[in-house]
Amino acid sequence: MKRMALLRRFNTIRSLYQTFELRESSSFLLRSSRSYITGSSNVPQFYSHGASSCLYKTDTNALPWTCRSAMTLRSTMAAEFLIFLNDKKSVSTQAKAPAQARQMGALKVSMTSPGFVYEPYAPGEPISFWKRYFTRSGWRRTKDDIKSELKSAYAIAKLRRSGYSKNQFYKEAVELFKEINTLMANGDKTTLRKVVTENMFSALKNEIKKRESVWSQVYWEMVEPIVKIRTLRARLIGVDKNDINKAFIQLTLEFLSKQKFEAYDSKGAVVAGDRTKEVLVRDIWVFEKSLFHPGAYWRLCGRIKV
C-alpha cells in the first residue's frame, strides 16, 4: 500500500513538472513569436497617388505636366535606426530581396532604386511660440522637427564623404529640372528614361500619354536664372543592415522659377497658356542617388504636391 501511495505521489509530481515545463515552453515560444513578428513587420507597403486631373486644367501656379500629386510614393514601413554622430548607425529602411531571388537562393540582389520616396516632405503648419514651448503638442512638434533636422544633417554628412558640393549639385539639379521638363514637353520618353527612376518613368509616361490625348504639342521654357533653389530634406535609405555604406540618398529640393507655357491642338492653334507671359511656379522635386554603385548619378525619383 505504501509503495502504491508513493508511486501515485511520484506520478503526480511528474505530471505537475511536465505541465510546468509545457507552460514555460509555451511562454517562451509566445515571446519568441512576438519578437519575430515585431522584427519582421518591416515589409514595405507602397502607396501611390494617381495622376492629377490638372492635365486638363491650366492653373497659374502649375504647369500641365508638373502635377505634383502624380508621384508622391509613400512607405509605411521604414524601420529607423538610432542616429549616432560617430557614424555607427544610420536612419534607414531595410529592403528585402524579391521572392523569386530568394527561391533561387540568390545571395546578392542588384538594386537600382528603392522605388519610393522615404518620408516625403510636408510643410509644417505655423505654430506660435507659446504653443510650441508651453504645450505638450508643441513639445512633440519641436521634438519631431529636431529629429527631422538631425536626419537631414546625418544624410548630408554621409553624402559629403563621397565628394558632394552643394553649389555643384544645385547647378546639376537646375540642369536636370530644365532637361526633364523639356523632355516632357517634347514627349521624348527614350531620353527621359535615363534621367528618372523606374517608378517615376512609369508615372511620367502615363502623364505624357494623357496630355497627348488632349494637346497635340506643348511649349515650355524656364526663364533663367532660376529665382530660388534650396534643400528641404535629406534622407538615407539603407539596403543592408550589416553595411551602413550600402545606402541610397534622397534630397528634396524646392525650385522657384519663372516659366513659360503654351499648348496647341492638332492644327497648331493655341488652346492653353501664353508663351509671352512669365509665370512664377514653385516645384518640389526629390532627387536620388546610390552611394555604393560605381558611376551612380542623380535621378528624379518623386515630386511633392505643393
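The values are calculated or read from the model by the stated rules, or taken from the named source; none is laboratory data. Remember, predicted model here, so these are calculated numbers, not experimental data. Cβ sites come from the backbone with ideal geometry, for glycine too, and all protein chains shown count toward neighbours. To get the accessible areas, we keep the full protein, side chains included, count just its heavy atoms, and leave off ligands, DNA and RNA. Shrake-Rupley method; radii C 1.70, N 1.55, O 1.52, S 1.80 Å.
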Low-density loop cleavage sites - trypsin sites (Lys or Arg not before Pro) in region 127-219, where at most 16 other Cβ are within 10 Å (DSSP): ARG161
Coil-residue trypsin sites (Lys or Arg not before Pro) of region 253-306, DSSP, other Cβ within 10 Å capped at 15: LYS267, LYS305
Just the accessible area for VAL227, please: 1.4 Å probe, Å², rounded to the nearest 10? 80 Å²
How large is ³J(HN,Hα) for each residue in region 284-296, as worked out from phi by the Karplus curve 6.51 cos²θ - 1.76 cosθ + 1.60 (θ = phi - 60°), to whole Hz, x for Gly and Pro? 10, 10, 10, 9, 10, 8, 7, 9, 10, 8, x, x, 5
Tally up the carbon and sulfur contribution to the accessible surface of region 108-193 as a whole percent, 1.4 Å probe, everything protein left in place. 54 percent
What accessible area per residue comes out for region 180-262, rounded to a whole number of Å², with a 1.4 Å probe? 44 Å²
Once each part is reduced to its C-alpha centroid, what is the distance from region 249-306 to region 109-161 in angstrom? 24 Å
